[in-house]
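Scroll down for the structure; my scribbles are underneath it.
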Amino acid sequence: MFLAKVRGTVVSTSKDERLVGFKLMLIEQIGLQQEPVGRPEIAVDTVGAGTGSIVIVTKGSSARFAADRKDAPIDSTIVGIVDTVEIGPA
């Protein structure tokens, strides 16, 4: 899992039927200081995140299980909305 920031929504009227009903979000992986560290990607939202939210994302087969669609073409799923992140001393 990793932290990401939701950058926006993705609207697709024509898509694989196994994705129908899912809210798609544009996310970007972030580091500990909330700086972008990855390239933007599309994730299925299962928790009602909004643009600007910091979220927890899972990838791969875990993403399909989290979305309860084991046969769907899902690579990333938003599984949590972050309230705070506390980092202890190094």
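Take each of the peptides 8-16, 27-35, average the number of other beta-carbon atoms within 10 Å over its residues, and list them starting from the highest. Show your work: numbers first, answer last.
Values: 8-16: 10.2, 27-35: 13.8.
Top to bottom by mean Cβ count within 10 Å: 27-35, 8-16.
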Here the FRET efficiency for residue 90 versus residue 1, based on Cβ atoms and R0 = 22 Å and rounded to 0.05, is 0.55
Non-local residues with an amide H under 5 Å from the amide H of residue 82, with H modelled 1.01 Å from N and Pro and chain starts lacking one, are 54, 55, 56
Scoring the stretch 2-81 by relative contact order with C-alpha pairs under 8 Å, at least six apart, yields a percentage of 32 percent
Across all Cα atoms of the stretch 2-81, Rg and the largest Cα-Cα distance (Dmax), in Å, are 11.9, 38
If the chain between residue 12 and residue 33 were fully extended at 0.36 nm per residue, the gain over the current Cα-Cα distance would be 4.4 nm
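Coordinate-derived values only; no laboratory data. Since the model is a prediction, treat every value here as computed from it, not as a measurement. Heads up, the Cβs are rebuilt from the backbone with ideal geometry, glycines too, and the neighbour counts pull from every protein chain shown.
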